[in-house]
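Step one of this worksheet: look at the structure below.
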Amino acid sequence: MEKSIEPIDVLIIGSGPAGSSTALHLLRQGGDWAGRVIVVDQAVHPREKLCGGGITYLGDCILADLGLPVEPPHVAVREVRLVYQDEHYSFRGNPVLRIVHRAEFDHWLVREIEKQGIVVRQGEGVVDLIPRADYVEVITTRRVYHARTVVGADGSRSLVRRRLRLEDDSRVSRLLEILTPESARTAWEIRDGVAVFDFSPMTGHDLQGYYWDFPSLVRGETRMNRGVFDSRSRPERPKADLKATLEASLAARERRLADYPLKGHPIRWFHWRGTFAVPRVLLAGDAAGADPLFGEGIAIALAYGQAAAAEIEAAFARQDFSFVGYRRRILRQPVLRGLVGRTLIARLVYRLKSPRLFRLGWRAARWIMRLTRWHDPAFVPARPVRREAASLPASAHTGDRQPVE
């Protein structure tokens with residue numbers, strides 16, 4: 001049976017934070033974007049997504065600027081503790097970050113864009129993508145779109161990237177994750193609102209990254225989100241045995257890996273020389289590249305949406321869909337431009353083999369930390385934006401934040 005053809009100005013493939021952010025920022029431009037944008041996703045929300053769930057103040061500010069303070073249930077983390085063997089130092093703030101359950105957070109964003117008139121078609125997977133002279137033909141399991149612009153926000157395993165054969169110098173890191181049922185009585189991290197990044201496995205495990213313990217809420221129940229992140233910033237070095245590394249880290253915390261379902265996922269690195277666009281097609285979120293230093297994804301994805309929406313708006317205004325300016329726009333976006341520094345730091349830090357050198361760098365970072373505002377537990381990093389009644393609808397505020405100068 002022949003599929004129907006549907007013309008559309010903007011087709012967003014993927015309804016995670018990057019795709020939803022692109023739609024929300026297009027709506028913010030004004031005009032009639034609600035009738036010109038369709039979002040498709042093979043998944044149906046709420047769907048499980050492997051992720052630590054941390055939203056830093058960078059993501060907090062983007063959401064607040066859209067009139068969307070974080071509404072889904074979350075844990076406010078007031079201390080991020082960085083550990084290396086017998087030493088540690090902390091980022092403190094009120095909060096430093098919020099930890100959400102991605103299934104609930106992504107579903108919330110999708111409901112927000114639907115409220116504002118964007119059509120979201122869930123359970124509709126993309127099969128193929130064919131560039132044409134005046135549009136991109138996108139074939140899904142249900143229909144065929146003739147899209148003047150396509151946003152590939154479909155994750156690290158992006159089908160859009162594969163179909164367009166967009167190969168570049170970006171690399172892929174690895175992570176494993178489990179959720180353990182806990183309470184404030186059994187997990188001090190939940191009791192005290194602390195997220196832990198433990199870099200100790202870098203010594204003796206070939207890990208180019210860290211083990212993490214994040215307090216979390218999953219459907220209203222307290223959990224610990226635990227896992228290992230391997231940046232693979234030095235691909236010539238042997239791969240760490242992630243399962244064995246996670247097993248050893250859990251054993252030190254009196255937990256057995258065999259008792260919990262294990263999930264794994266790759267994360268595509270950002271690289272400033274990466275391929276972010278071809279004519280009529282933009283990449284956003286993990287499809288374009290995430291943070292290789294800590295693996296931060298949500299704030300980065302939201303920032304990509306802001307950059308992609310601005311580039312699309314400019315393209316329609318000029319009727320020029322080459323997107324040759326998208327890389328420059330990414331590198332100027334306040335959050336995304338920080339990825340250049342993070343990439344360089346990741347390549348430096350994760351190449352260190354000598355425990356002595358790593359410890360020296362660790363102690364230097366601890367002293368630098370004391371010179372910043374992140375040493376103050378009362379520091380409020382996020383800057384919520386109060387919008388007028390005629391602006392985008394705002395959800396109930398969930399924190400005690402005050403504007404920061």
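On a 0 to 90° scale, report how tilted helix 338-349 is relative to the longest principal axis of the chain, with both axes built from alpha carbons and the result rounded to the nearest 10.
So the inclination is approximately 40 degrees.
Expressed as a whole percentage, what fraction of the accessible surface of region 192-262 belongs to carbon and sulfur atoms when a 1.4 Å probe is rolled over the protein heavy atoms? Before the final figure, lay out the partial values.
On the way: 1370 of 2930 Å².
That share works out to 47 percent.
Short version: what are the Cα gyration tensor semi-axes of region 244-337, square root of 5 times each eigenvalue, largest first, in whole Å? Before the final figure, lay out the partial values.
Values: eigenvalues 289, 28, 23 Å².
Value: 38, 12, 11 Å, ordered largest first.
Between the helical axis of 242-251 and the dominant principal axis of the chain, each derived from Cα atoms, what acute angle in degrees is found, rounded to the nearest 10?
Once rounded, the angle reads 50 degrees.
Starting from 0 in steps of 5 Å, tell me what percent of the Cα-Cα pairs of region 222-276 lands in each bin.
Reading the bins upward from 0: 4, 14, 23, 19, 14, 12, 7, 5, 2.
Give the ranking of ARG327, ARG174, ARG98 by solvent-accessible surface, highest area first, calculated with a 1.4 Å probe. Display every interim value, and only then the final one.
On the way: ARG327 95, ARG174 60, ARG98 5 Å².
Result, largest first: ARG327, ARG174, ARG98.
Which of rounded, prolate, oblate describes region 187-295, given a ≥ b ≥ c as roots of the alpha-carbon gyration tensor eigenvalues and a/c under 1.5 marking rounded, otherwise prolate only if a/b is larger than b/c?
Details: a/c = 2.42, a/b = 1.50, b/c = 1.61.
Verdict is oblate for region 187-295.
Where the eigenvalues come from the Cα gyration tensor of region 59-127, what are the semi-axes √(5λ) of the equivalent ellipsoid, largest first, in whole Å?
Values: eigenvalues 219, 52, 17 Å².
So the three semi-axes of region 59-127 are 33, 16, 9 Å.
Would you mind working out the magnitude of the charge dipole of region 289-350 relative to its Cα centre, with +1 at each Lys and Arg C-beta and -1 at each Asp and Glu C-beta, to the nearest 20 Debye? Write down the numbers at each step before the final one.
Working: 8 positive and 5 negative charges, 52 e Å.
Computed charge dipole of region 289-350: roughly 240 debye.
Per residue, how much accessible surface does the chain expose to a 1.4 Å probe? Answer in Å², no decimals.
Working: 17580 Å² over 405 residues.
Counting only protein heavy atoms, the per-residue value for the chain is 43 Å².
Using a basic spin-label model with each label point 7 Å from the Cα along Cα→Cβ, how many nm lie between LEU360 and ARG318?
4.9 nm
Sorting LEU283, LEU159 by accessible area (1.4 Å probe), largest first, what list results? List each step's numbers first, then the result.
Working: LEU283 0, LEU159 30 Å².
Of LEU283, LEU159, the descending order of accessible area is LEU159, LEU283.
May I ask for the percentage of alpha-carbon pairs in region 105-217 that lie more than 19 Å from each other? Before the final figure, lay out the partial values.
Values: 4334 of 6328 pairs.
Percentage above 19 Å: 68.
If one computes the Cα centroid of region 331-379 and of region 37-57, what distance in Å separates the two points?
Taking the Cα centre of region 37-57 as reference, the centre of region 331-379 is 28 Å away.
Give, as a single signed number, the net charge of other residues whose beta carbon lies under 11 Å from the beta carbon of LEU26, with Lys and Arg counted +1 and Asp and Glu -1.
Cβ neighbours under 11 Å give a net charge of -2.
Once each part is reduced to its C-alpha centroid, what is the distance from region 112-170 to region 236-253 in angstrom?
36 Å
Taking +1 at the Cβ of each Lys and Arg and -1 at the Cβ of each Asp and Glu, which of HIS271, SER156, SER4 sits farthest along the dipole of the chain towards its positive end, judged by Cα position relative to the Cα centre?
Checking the options against the dipole of the chain, the answer is HIS271.
Find the lysine pairs in the chain meeting two conditions, Cα atoms under 24 Å apart and a separation of 8 or more places or different chains, and report how many there are. Before the final figure, lay out the partial values.
Details: LYS49/LYS115; LYS49/LYS243; LYS49/LYS263; LYS239/LYS263; LYS239/LYS353; LYS243/LYS263; LYS243/LYS353.
Total qualifying Lys-Lys pairs in the chain comes to 7.
Report the dimensions of the chain along its three principal axes from the alpha-carbon atoms, largest first, rounded to Å.
So the three principal-axis extents are 61, 50, 40 Å.
Beyond 20 Å, how much of the Cα-Cα pair distribution for region 1-96 remains, as a whole percent? Please list the in-between numbers first.
Numbers: 2612 of 4560 pairs.
I get 57 percent for the Cα pairs in region 1-96 exceeding 20 Å.
Give me the net charge for the shell around LYS353: Cβ to Cβ below 13 angstrom, other residues only, Lys and Arg +1, Asp and Glu -1.
Numbers: positive: ARG234, ARG237, ARG351, ARG356, ARG359; negative: ASP206, GLU236.
Every neighbour counted, the sum reads +3.
Taking the chain as a Gaussian network, where each spring joins two C-alpha atoms under 10 Å apart, which residue of ILE13, ILE345, ILE330 fluctuates the most?
Judging by the Gaussian network model, the answer is ILE345.
Report the charge-dipole magnitude of the chain in Debye, nearest 20, computed about the Cα centre from +1 at each Lys and Arg Cβ and -1 at each Asp and Glu Cβ.
Approximately 1040 debye in magnitude.
If you put +1 on each Lys and Arg Cβ and -1 on each Asp and Glu Cβ, how big is the dipole of region 18-130 around its Cα centre, in Debye rounded to 20?
It comes to approximately 160 debye.
What is the mean projected area of the alpha carbon convex hull for region 34-173, to one decimal in square nanometres? Working shown, then result.
Numbers: hull surface 45.9 nm².
Across all orientations, region 34-173 yields a mean hull projection of 11.5 nm².
The values are calculated or read from the model by the stated rules, or taken from the named source; none is laboratory data. Worth saying up front: this structure is predicted, and the values here are computed from it rather than measured. Using ideal geometry, Cβ is built from the backbone for each residue, glycine included, and neighbour counts are taken over all protein chains shown. Ligands, DNA and RNA are excluded from the accessible area calculation, which covers all protein heavy atoms including side chains. Shrake-Rupley method; radii C 1.70, N 1.55, O 1.52, S 1.80 Å.
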